[in-house]
Every structure is written in structure tokens, then in C-alpha cells.
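What follows is calculated from the coordinates using simple rules that are stated; it is not laboratory data. Predicted model, so just to flag it, every value in this text is computed and none were measured. For neighbour counting, all protein chains shown are included, and Cβ atoms are generated from backbone atoms with ideal geometry for every residue, glycine included.
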Amino acid sequence: MNSLTLKPKAIPSHPQLLVPEIRTCKTIRELKQVHAFLIKTARTRDITVATELLKLCATSDFRDPGYALSVFDQMPEPNCFAWNTVIRALAEESNADGSLNAMLLFSRMLYDGMAEPNRFTFPSVLKACSVAARLEEGKQVHGLVVKFGLDDDEFVVSNLLRMYVLCGSVEDAHVLFSRNVGGVDDMSRVVTDKRRQEANVVLCNVMVDGYVRVGNLKAARELFHRMQQRSVVSWNVMISGYAQNGFFMEAIEMFHKMQMGHLSPNRVTLVSVLPAISRLGALELGKWVHLYAEKNKIRIDDVLGSALVDMYAKCGSIKKAIQVFEKLPRNNVITWNAIIGGLAMHGKANDVFDYFLRMERSGVSPSDVTYIAILSACSHAGLVDKGRSFFSEMIIVAGLEPRIEHYGCMVDLLGRAGYLKEAEDLILNMPIRSDDVIWKALLGACKMHKNIEIGRRAAEVLMKLAPHDSGAYVALSNMYASSGDWDAVAEVRLMMRGLDIRKDPGCSWIEIDGVIHEFLVEDDSHPRAKEILSMLKEISHKLSLEGHMPDTTQVFLKIDEKNKESVLHYHSEKIAVAFGLISTSPKTPIQIVKNLRICEDCHSSMKLISKVYERQITIRDRKRFHHFEHGSCSCMDYW
Ligand code: ZN
Ligand code: ZN
């Protein structure tokens, strides 16, 4: 648009008639031209005209909060609406600068004293406090809310509550919440006023969200159950709260319960429950969610789409993940990360590199998450040189600062390939602080290559970094055990007993006919425990006929050989596979998800089970997928 299209004579002379003219502006440029004309003809002093201008540059699609502020500054006597409009525009920027400017403008409003803040002023100011994480200022605003008599206003109170939650002060939130909704006893009181009911639901949702954010799921659940009425948001908060805090079964249970009521899941529900489904590898449920979205015309945008791609990849169906990915808009790095991360988990290193190239060609810059996927793909495939070059590309070309996860991938890559000294040097020389995870990776590699010297150094650091974590002790004692040094094993055991350290419980999940079954190590709580046990015995008998010798070095305790064997049979993934065998018809593929890394003994057993029972078995462990078929694994025993 050039300046000639706006003919001055086309502008009406009466201020009221100017308003529709202003509204026709489609770009900030057009708006500025009109504004310039209005200044020249001295019409900005008219409050109707000025307000219309302000509204457009503060709230339209082409809004420009900075420009809105300059228009505002020229208004002779801005009313409350004008103040609110600009404060909101600044707060809606949702960044630190905008928030601070919003707070400054609010204090100017108070100082100026010509217009009094109302119920629409405070929510924006409180949002600004939250985004800028200014709890102290937020408390002052709370004082003003009381001063201006708005502490009974549900809308303002819910925003106050949200401010406390987002600023991390659940205590303050709790006090405010109790005062407005009441304590345990008051909540059972029947509220008949419909508006009040709705307001209470909103307050409860914000409070539940607050508990979830600080990881207090007990309080969140209690409040959720006490609520007399719940909205879709209430369920969504609980589902994502469970999923984000590692309670995957509970998240899925909530999802089922929600549908038993009269509420239908929306897009946010699906995005919240999908990570839990992914973690448990519940493919059937995941497919159902996908179908539900399609049937109910829930738009599969980049967020929901990425969650679906991630779900299919983590539930073992990389083909479906690719299909979903190919239909998504591909301008978002999160979508690319979902597919590249999925391919990396499946050990498809070449596809990872192909998709990475496609991503760069389509003009999307890789993020540090992308590089974690690429480096772990290199690590799983044992591509040391490629890994080294991607690592330096990340720093030099992409200009990204490696995080501990990237160093972790490199240590994993170098360590597995046997470059133990280089891996140790990398940890010692990196510019950031090392953590237990990275030393564990090195320790694991030392165990794999039976390097007791570096292994002991790594274990010693680990015991200092995470004294109550069993990992270092278990690995160290396994290393001693495999070299037959039982005295050293006993010493480590004594240390563990002194510190009251226990092994991380292994846990496996298997989905049969849409129901997820959970098995812990040495688990006999399942209703079909007896049948499972006899199947486990049958498996071990058949495997021994195949010449399988249980790898007893995997057992931590020094116990007699016979007992060791029986403990081994009860690793959770073995219980799950036995259950899978008795619960499905012949030839049905079996799919299991495990929370820890699969041990060598289970790995070699699974290979044989796939052969003896003629089943495809897929196990996703903490790191990657293993596809067992005809007696071998897709990882080629390198994991
Ligand atoms: Zn095992
Ligand atoms: Zn494998």
C-alpha cells in the first residue's frame, strides 16, 4: 500500500464518522498513516477517535504495544478503559520487558490518580507480575485489590490466586483459597448460586494446578476429589499433573474416569494424556486417542501432532509415527524433534541423518534437543567419528552451548566404543558441572569393557555425588563379581547396608486388549501369578534345552548358583513376557516397556524366547527399542 491510496479528502470531518474509517485499517502502516493525518488535523484530542486508535494498535492482529503506548501518551485525559487497554497489551506480550512496562504503567496510573483501576485492570497487572516472577510486587497489588474493594470479585481473586501459584508461593495461594472457597468442611456445603459455583470451580482448578506445579500430588488429588463440580480443565490439570510427575497409570486412569462422566476430552486433554500413554507403551490406547481426535474433528496441530508422533514412536510403531509426521505442518522444531527422536530410539541412525538434512533444508534450525537425538543415534549405532563431528558442528556451526545431556551422549558414545580414557577426560574438562548421570554412563561403559581402574574412579565420584543412589554400588559390585573378587563385592555390600541403600525397582508394562498390566521385580501380586510362574518355569526349561546358561554375574548378591538363577527369572520384563505368552494367541507380537535398561541376561533370554516361541518381541527400555525375532535383536547386541 502506498501513501497515495489514502486521500485526505476521503476522511470525514466529524469525529464520530472517523471511527469506521479507522476500523478499516488492515496493517500497522495504514494505521500510522491515518494517525498522522489525525494529528495534522488535530483530531486526536477527541476521546472517541483516540480510543478507537488505541484499541486497534493494542488488540488487533497487527497490534504493536509500543506504538499503543505512544498513542496513549498523546491522550489528554485517558480514562480507565484506555489505561486498561495499554496495560493489557503490554502484559499480553508475555515476556519480561512487556511485563515490567505493564507494571510501570500501572504505577503511573496510580500516581496520576485521574482514573481508578477496576476489575479489568488487576488481571493484566497480576499476569505481568507472574511472567516477571515478582512475588513482592504481586503482594502489593493484592493489597491494592483489597483497598479498591475488589477482594470479593471472583474474576480478580482467581487471577490473584494464579499469580501466587505462578510466582511459586503455594502457601500464599492456599491462604487466599481457603478464605474464598473455604476449608475442608466448607467445601461440602452446597452452593446454589450458579455463578458462585462456576467461580469456585475456576478457583479450585487454579489451586489444583498450583499443587501439581510444586509436585504435591496428594494435596492436588484431595482437592480434586472434594470439588463438587469439575470442568474439563479440572480433569486436564490432574491428568497432566500425574503424567508430568511420573504417575503414568494414574494419568490414564483419570483419563478413563473423565469419560465415564459427562465430559468429553478436548485437545488439551489429549495432549496431556499422550505422554503417559507413550511412557507405558500403550499402543492400543494411543491409537484410540488418535481416532478420537479424528472422529471429533479435534484439530491435529503441531502440538497434538508432535505428541502423536512421539506416542507412536515410543509405542513401537515408527511407521505410523512417520505417517502422522508427514501430514503435519513442518515449520516447528518440536515436530521435527519428535520424529528425529523417535527414529533415534529405534536405532535408525541413517533415517535420523536423512530427516535432519530435510529439516535443515526446510529452513528450521535444530535446537539442542535435536542434537541430543542425533548424538544418541550415533551412540546406539557406534558411529564415533560421526558423533564427534556432530558435537563440534553443534557448537561451531549451530552456535549452541552443549548441556550436560550432550556431554552425556558423547561419554556414552565414546565409552561404549571403548574410548574410556577420552570419555573420562571429556567429563573432567567440560566447562559445566558433572552430574551423577554422566558418571553412571562412564561407569556402565567401564563395566562393559571390564575396565576396573577407570570404573573405580567413576564409582568413587558417584558415591560422593549421589550417596544414596544404588547405581554406583551395584555397578561396582557387578564389576568385582564378574572378575570373581568376592571380597570386594562383600565390602561394597557392607557399605550399602551402612547407608541403607536399595536397588531401583525395575518395572515393566504390557498392554493386553487395551488393559495395561504392571509388573515389578519378583512380582507375584498379579491375579494370574500362578500361571505366570509355571510359564516362567517352562521358559527356563526350554531355554536350557537350547543351551542357555543364565548369566549369573548380573546378580548383585553373592548367593549360591541355584538361587541366583531363580532370582534372575523374576526380572520384571521376564514376568511380563511370560504373561504375554499365556495371554495372547500364538504368533501375536509381544510388546513390553521397561523403566530401566534391560540386563544382559534378559536380553539373551529374549532372543531365545523369540526363537523358541516364534514370537516377535519388542522391548523398549530406558534408552531404546529392542526388536527380537528369530533369535536375534535389532540392536545387534550393541546397546
Ligand atoms: Zn534382566
Ligand atoms: Zn537388543
Full-stretch length increase - Glu401, Lys194 - with 0.36 nm per residue and alpha-carbon distance subtracted: 69.2 nm
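Whole-Å semi-axes of region 232-373's equivalent ellipsoid, largest first, each the root of 5 times a Cα gyration tensor eigenvalue? Before the final figure, lay out the partial values.
Details: eigenvalues 151, 45, 34 Å².
For region 232-373, the semi-axes come out at 28, 15, 13 Å.
Determine by what factor the alpha-carbon radius of gyration of region 276-352 differs from 2.2 N^0.38 Å, reporting the quotient.
Details: Rg = 11.6 Å, N = 77, 2.2 N^0.38 = 11.5 Å.
The value comes to 1.01.
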Ordering of 136-149, 306-319 by burial proxy (mean other Cβ atoms within 10 Å per residue, highest first): 306-319, 136-149
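Could you list Leu536, Leu17, Leu38 in order of exposure, starting from the residue whose Cβ has the fewest other Cβ atoms within 10 Å?
Going from sparsest to densest Cβ surroundings: Leu17, Leu536, Leu38.
Give, to the nearest whole percent, the P(r) tail of region 421-460 beyond 11 angstrom, counting all Cα pairs. Could you put the intermediate results ahead of the total?
Working: 464 of 780 pairs.
When all Cα pairs of region 421-460 are counted, 59 percent exceed 11 Å.
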Projected label distance in nm at Asp151 and Glu538, using a 7 Å step from Cα toward the beta-carbon: 7.1 nm
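Considering lysine pairs in region 406-504 that are 8 or more places apart or on different chains, how many have Cα atoms under 18 Å apart? Could you put the intermediate results ahead of the total?
Values: Lys421/Lys440; Lys421/Lys447; Lys421/Lys450; Lys440/Lys450; Lys440/Lys464; Lys440/Lys503; Lys447/Lys503; Lys464/Lys503.
Going through region 406-504 pair by pair, I get 8.
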Residue exposure sequence - Leu465, Leu104 - by fewest surrounding Cβ within 10 Å: Leu104, Leu465
Gap separating the Cα centres of region 376-452 and region 58-131, nearest whole Å: 49 Å
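For Thr370, Thr59, what's the fewest-to-most ordering of other Cβ within 10 Å of each Cβ? Don't jump to the answer; show the numbers that get you there.
Details: Thr370 26, Thr59 14.
Going from sparsest to densest Cβ surroundings: Thr59, Thr370.
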Fraction of the pair-distance distribution of region 406-504 above 21 Å, Cα-Cα pairs, percent: 29 percent
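Hey, any idea what the orientation-averaged projected area of the convex hull of the chain's Cα atoms comes to, in nm²? Each step should come with its number before you reach the end.
Working: hull surface 143.8 nm².
Mean shadow area of the hull around the Cα atoms is 35.9 nm².
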Fraction of the pair-distance distribution of region 29-149 above 20 Å, Cα-Cα pairs, percent: 41 percent
Hits among lysines - C-alpha to C-alpha of Lys26 under 24 Å, sequence gap 8 or more where chains match: Lys7, Lys9, Lys40, Lys55
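What full-extension length gain, to one decimal in nm, is calculated for Leu17 and Ser94 as 0.36 nm per residue of separation minus the Cα-Cα distance? Each step should come with its number before you reach the end.
Numbers: separation 77, 0.36 × 77 = 27.72 nm, distance 3.50 nm.
Gain in length upon complete extension: 24.2 nm.
Can you tell me the length gained on complete extension of the stretch Arg358 to Thr27, counting 0.36 nm per residue apart and subtracting the Cα distance?
Values: separation 331, 0.36 × 331 = 119.16 nm, distance 3.42 nm.
In short, 115.7 nm is gained.
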